[in-house]
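Peer 1: Quick one: the structure is below, and I'll ask about it shortly.
Only the coordinates and a few stated rules stand behind these numbers; no lab work does. Note that the structure is a prediction, hence the values are computed from the model and not measured. With ideal geometry, Cβ positions are generated from the backbone for all residues, glycine too; neighbour counts draw on all protein chains shown.
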Amino acid sequence: MNPEEFNTKEEVTWCPGCGNHSIFMALKQALVNLNIAPDQVIIAYGIGCHGHEVNYLRTNGFEGLHGRPVPVAEGIKLANNELNVIAVSGDGDAYGEGLSHMINAARGNHNVTYLVHDNRVYGLTTGQTSPTSAKGTKSKSTPEGAIDEPINPMAMAIAAGATFVARTFAGNIQLTTELIMQAIKHNGFALLDILQPCVSFNKVNNFQWYMEHTYKLENHNPADKVAALQKALEMEKLPLGVLYKEEKPSYEEQVSELSEGPLTKKSLEVDKEKIMEEFL
Amino acid sequence: MTDFTWKIAGPAGLGIMTTGLIFSKAFSRGGYHVFDYIEYPSLIRGGHNTYQCRISSEAINSQSRSVHILVALNKETVDLHKPEMLENSAVIYDNEKMQAEVTAGKPYPIPLTRLAKESGGKELMANNVALGASMALLDYDLGILEGVIRDMFGRKGEEIVKMNMNAANAGYNYVRENFKEPFFVIAKKISDNRKYLLTGNEAIGAGAVASGCKCFVAYPMTPASSILHYLAENAKKYGIAVRHAEDEISVINTAIGAAHAGARTMTATSGGGFALMVEGYGLAAMTETPLVIVEVQRPGPATGMPTWSGQGDLRFVMHAHQDDFPRVVMTPGDVEEAYYCAAYAHNLAEKYQTPIIIMSDKHLAESHKTAEKFDHSLKIERGELIDSATDYKRYKLTKTGISPRLLPGAKGAIVVANSDEHNEYGYSCEEIENRNKMMQKRMKKLDMLAKELPAPKLYGPEDAELTLTGFGSVKGAILDAIKILEKEGIKVNFLHLIYVSPFPDKSVKEALSKAKKVISVENNFTGQFAGLVREKTGKNITKRFLKYDGRPFYPEEIAEKVRKVLKK
């Protein structure tokens, strides 16, 4: 396989210089490296610029509602746990509209890979403040500057019980590819927050800003939850890499009805008279 | 003919629901027809709870006003239910625990608590003493009661079964020894042929199991929760994955994911929960995902009256979500129809690749009714489900509007579903021609659906003086009202709609054209159904019998309304 096989014939409409291009490249490369064929993976998308990927990436795809890719992904995995299930989301999607789903997916350890395109701004709706925008961010919806503090998705995911929590920067395609691969391979809920510039609507957090405000984690033990939380709380210079990782049975491994195979392979025929016996 | 009502009432937390169910079951196993009805506030302890069981040697469909035996667990009960008492009705109460003044019916003072304790049981087993006493009054076979108790408590051990039975025996013997005069209602066992006894919620659960539903996702909400309970309890037995998700928004999106992946999937909620699901409902329609949604109504708006009944969600459910898409809303009227609709809905969902709503209400959902048999003839039909394709188009344009459906994971094919308007492949597309074709494709499904769905049913004589009409659970009380009126020589019939969308306009128009006078019977304020009939048929039903107090219709009051309209 090569990454080209993952391209559809649809025209890619992301702005030139958008972080989505490199995330797209990294995802394709990760699937190739892991030898996952387009028909063996399904991606649930939210609504936002990231969601246009449903048109560009030649895999099974489900573009749903704003904020809701995680529950859709959970449902797909519950019905057919033989599929590789990925949810792709944006910062507004993941940390605004659908935040509770991430917390609960983490708590249940659903075997879903969660890739969040985090550009700290609402791009598709032409530049309003996002849950990850810095306090004071001036935007169309906050002309006097955002009052709210930004969400800390890393700390939140760790506290919620996520078993894989990592961050990358779209500008580093090699690291992003590597971390997407690790997230997909992880058994359980894996959050990868992908920092990316928005060339059209975020003039502050541009490529250069991310280069200056991130660093690659070294000598960090991702099995140490307290150390992971400490790293997650570093806000001045953001650590990139796997902050936290833990081995635990996934949600699907604990659903007894899945022990003999996916729901989609079960026979639908039931002894109907027998069902009614308990009501006699 | 035997037709009587037994009622137990008192404060919540005294095991009234269990005791009532035992009574109902004891009679459905003796060959009787049963309809029971419960009232309770949204509290765990305190508040007034009632459980009434109507028992009849002939088929019945609803509860009745008059109470023949009242088991009063507190003084308040005696006073509250006075209007329901007949001259000879028995009022059983614990004369050592309360000072009751029985001014309606005949007092049957029985030291329920003392007898329970003396028989080796606990205070709560006073209910069993009352059960035994009731059986003695009715001259009913205590062995049947024992069988029910054994089935219900057997899991807790033989000792518990014995304690329950000893208490029942104590009550039975006490009545035999102290009240020599025979009671005015006698209900001996009719036959050994047990009847099925179940609620509308259980019937929906069982129907879903029968149709191969393999995934159920829900968030608890009264009065829909017992569907979740039934399916969770039976999940292992039938290989159904049951997930209680964090909220209704997650519920419907998870359900859509599971259904898209290929599992027959259902969810159930009440009006408030459905309000949260509305965006997802349209997503299922846009992505053409087969999904069954059960909406069990309770009075609103907002939290409304959680444990009471209503039919005020008709218009909301019929029009929920933005823009147009094929909307299918089924409205079963009793447990047999609830079972059938649930099974049938899964076929419809897959055949038409669209969400199907079953709308019920608390009255149907939580009342037990006997049934002789269930229609198991429905075969599982999965529609245009295929297992392989080349150059697969999820939304391929076809004559019927239904595209061949391939499940994600099929070798060599890509399945793309899209909430955005899309082309045949599923890729986003907003071009004029494509939009028009896709809209028409989805809406076209209604043509075939309308032909397939069963016609509304007319009950009673064709040449009736008056026609009653309505949807859903009003069926029971109306059918029983027709019987009351029949005995008085008044001919009434009933046009019942088992689905309201797509609306069967032709058959409703035809039936109403033949009707001399029409009354729309509905549990809502504005006569939503009558309004719908006018919109779809031009027929203006001016006479309406509306009730929005959370209580279901009683056959007696419908009969009274008919007499008034006919001036009889």
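Peer 1: When DSSP beta bridges are limited to those with both residues in chain A, what percentage is antiparallel, rounded to the nearest 5?
Peer 2: 15
Peer 1: Listing B:Trp308, A:Trp14 from the residue with the fewest other Cβ atoms within 10 Å to the one with the most, what is the order?
Peer 2: A:Trp14, B:Trp308
Peer 1: For the range B:225-284, what class follows from the C-alpha gyration tensor (a ≥ b ≥ c being the square roots of its eigenvalues): rounded when a/c is under 1.5, otherwise prolate if a/b is larger than b/c, else oblate?
Peer 2: Note, shape of the range B:225-284 comes out oblate.
Peer 1: For the range B:198-371, just the Cα set please: Rg and Dmax, both in angstrom.
Peer 2: Both quantities, over Cα of the range B:198-371: 14.1, 41 Å.
Peer 1: Helix A:99-108 sits at what angle to the longest principal axis of chain A, using alpha carbons and giving 0 to 90 degrees rounded to 10?
Peer 2: 50
Peer 1: For the range B:3-194, what class follows from the C-alpha gyration tensor (a ≥ b ≥ c being the square roots of its eigenvalues): rounded when a/c is under 1.5, otherwise prolate if a/b is larger than b/c, else oblate?
Peer 2: Taking the square roots of the gyration eigenvalues as a ≥ b ≥ c, the range B:3-194 is rounded.
Peer 1: How about B:Lys543: which aspartates and glutamates have a C-alpha closer than 12 Å to its C-alpha, ignoring those fewer than 8 places off in the same chain?
Peer 2: Excluding near neighbours in sequence, the set is B:Glu522.
Peer 1: Here's a follow-up. How many Å³ per residue does the convex hull of the Cα positions in chain B occupy?
Peer 2: Convex hull of Cα atoms, per residue: 153 Å³.
Peer 1: Helix by helix, which DSSP H runs in chain B go 27 Å or more along their axis at the Cα atoms and have an average Kyte-Doolittle hydropathy of -1.0 or more?
Peer 2: Those that clear 27 Å and a mean of -1.0 are B:158-178.
Peer 1: Another question, if that's okay. Looking only at the protein assembly as shown, where both bridge partners belong to it, what percent of the DSSP beta bridges are antiparallel (to the nearest 5)?
Peer 2: 30
Peer 1: How big is D for the range B:385-452, in µm² s⁻¹ as a whole number, if Stokes-Einstein is applied with the Kirkwood radius of its Cα pairs at 37 °C and 0.692 mPa s?
Peer 2: 259
Peer 1: How long is the gain from A:Asn35 to A:Asn187 if the chain were fully straight, where each residue apart is worth 0.36 nm and the alpha carbon distance is subtracted?
Peer 2: 53.0 nm
Peer 1: Follow-up. Which percent, nearest 5, of DSSP beta bridges in chain B are antiparallel?
Peer 2: 35
Peer 1: Give the calculated FRET efficiency between A:Ser267 and A:Lys140 to the nearest 0.05, with a Förster radius of 35 Å applied to their Cβ-Cβ distance.
Peer 2: For R0 = 35 Å, the calculated efficiency reads 0.05.
Peer 1: Now a separate question. Hey, what number do you get for chain B at 222 nm if only DSSP H runs of n ≥ 4 count, each worth -39500 (n - 2.57), divided across all residues, to the nearest 500?
Peer 2: -12500 deg cm²/dmol
Peer 1: Okay, moving on. Cα centroid distance between the range B:236-266 and the range B:161-217, in Å?
Peer 2: Cα centroid of the range B:236-266 versus Cα centroid of the range B:161-217: 33 Å apart.
Peer 1: OK, next. Go through B:Lys369/B:Lys516; B:Lys97/B:Lys188; B:Lys351/B:Lys444; B:Lys180/B:Lys369 and tell me which ones have a Cα-Cα distance over 24 Å in this structure.
Peer 2: B:Lys369/B:Lys516; B:Lys97/B:Lys188; B:Lys180/B:Lys369
Peer 1: What's the Kirkwood radius of the range A:3-279 in Å, using all Cα pairs?
Peer 2: Averaging 1/r across every pair of different Cα atoms and inverting gives 19.3 Å.
Peer 1: Same structure, new question: Summing +1 for each Lys or Arg and -1 for each Asp or Glu, what net charge is found among the other residues whose Cβ lies under 10 Å from the Cβ of A:Ile47?
Peer 2: With Lys, Arg at +1 and Asp, Glu at -1, the neighbours total -3.
Peer 1: Right, here's the next one. What net charge do the residues around B:Leu485 carry, taking every other residue with its C-beta under 15 Å from that of B:Leu485, with Lys and Arg at +1 and Asp and Glu at -1?
Peer 2: Counting the neighbours of B:Leu485, the net charge comes to +2.
Peer 1: Here's something else I'd like to know. I'd like the trypsin sites (Lys or Arg not before Pro) in the range B:154-221 restricted to DSSP loop residues with at most 14 other Cβ atoms within 10 Å, sorted by number.
Peer 2: Loop-located and lightly packed - B:Lys180, B:Lys188.
Peer 1: Here's a follow-up. Please give the calculated 222 nm ellipticity per residue for chain A, where each DSSP H segment of at least 4 residues contributes -39500 (n - 2.57) and the sum is spread over every residue; nearest 500 deg cm²/dmol?
Peer 2: So the helix-based figure for chain A works out to -8000 deg cm²/dmol.
Peer 1: Where does the longest stretch of chain B lie that holds no GluC sites (Glu not before Pro) found in a DSSP loop with 15 or fewer other Cβ atoms within 10 Å?
Peer 2: Free of exposed loop sites, the longest segment is B:102-371.
Peer 1: Once you have the Kirkwood Rh of the range B:414-555 from its Cα pairs, apply Stokes-Einstein at 4 °C and 1.567 mPa s and quote D in µm²/s.
Peer 2: 74
Peer 1: For a quick check of your reading of the filter: which trypsin sites (Lys or Arg not before Pro) in the range B:496-553 sit in a DSSP loop and have no more than 15 other Cβ atoms within 10 Å?
Peer 2: B:Lys516
Peer 1: Rounded, prolate or oblate: which fits the range B:137-294, taking a ≥ b ≥ c as square roots of the Cα gyration tensor eigenvalues, rounded meaning a/c under 1.5, else prolate when a/b beats b/c?
Peer 2: It comes out prolate by the Cα gyration axes.
Peer 1: Let me ask another. Evaluate the relative contact order of the range A:3-279 (contact order divided by residue number), counting alpha-carbon pairs under 8 angstrom at least 6 apart; express in whole percent.
Peer 2: 18 percent.
Peer 1: Moving on to the next point. List the residues of the range B:494-512 whose backbone N lies under 18 Å from a point placed 7 Å from the Cα of B:Lys568 along the Cα-to-Cβ direction.
Peer 2: Answer for the range B:494-512: B:494-495.
Peer 1: Let me ask something additional. Mind checking the mean number of beta-carbon atoms from other chains within 10 Å of the Cβ atoms in B:403-409?
Peer 2: Mean number of neighbouring Cβ atoms from other chains: 5.
Peer 1: Under 13 Å from a point placed 7 Å out from the Cα of A:Leu124 along the Cα-to-Cβ direction: which residues of the range A:77-109 have their backbone N that close?
Peer 2: Counting only backbone N, you get A:88-94, A:97-98.
Peer 1: If one takes the longest principal axis of the Cα atoms in chain A, at what angle in degrees, from 0 to 90 and to the nearest 10, does the Cα axis of helix A:69-79 lie?
Peer 2: Helix A:69-79 sits at roughly 20 degrees to that axis.
Peer 1: Between B:Thr303 and B:Asp323, what is the label-to-label distance in nm when each label sits 7 Å out along the Cα-to-Cβ direction?
Peer 2: Rounded to a tenth, the inter-label distance reads 3.7 nm.
Peer 1: Mean shadow of the range B:29-129, computed from the convex hull of its alpha carbons, in nm²?
Peer 2: Dividing the Cα hull surface by four gives the mean projection, 7.8 nm².
Peer 1: Would you tell me the mean number of C-beta atoms belonging to other protein chains that fall within 10 Å of each C-beta in B:258-270, as a whole number?
Peer 2: For this peptide, the per-residue mean of nearby foreign Cβ atoms is 5.
Peer 1: A further question on this structure: As an exercise, identify the chymotrypsin sites (Phe, Trp or Tyr not before Pro) in the range B:449-546 lying in DSSP coil whose Cβ has no more than 12 other Cβ atoms within 10 Å.
Peer 2: B:Phe525
Peer 1: What is the extension gain from B:Ile380 to B:Leu397, computed as 0.36 nm multiplied by their sequence separation minus the C-alpha to C-alpha distance, in nm to one decimal?
Peer 2: Gain in length upon complete extension: 3.6 nm.
Peer 1: For the range B:448-490, list residues with backbone N below 16 Å from a point placed 7 Å from the Cα of B:Leu546 toward its Cβ?
Peer 2: Of the residues in the range B:448-490, B:469-471 have backbone N under 16 Å from the label point off B:Leu546.
Peer 1: Excluding A:Tyr251 itself, what net charge comes from residues whose Cβ is under 14 Å from its Cβ, given Lys and Arg +1 and Asp and Glu -1?
Peer 2: For residues surrounding A:Tyr251, the net value is -1.
Peer 1: Stick to Cα atoms and the Kirkwood definition of Rh, then tell me Rg/Rh for the protein assembly as shown.
Peer 2: 1.04
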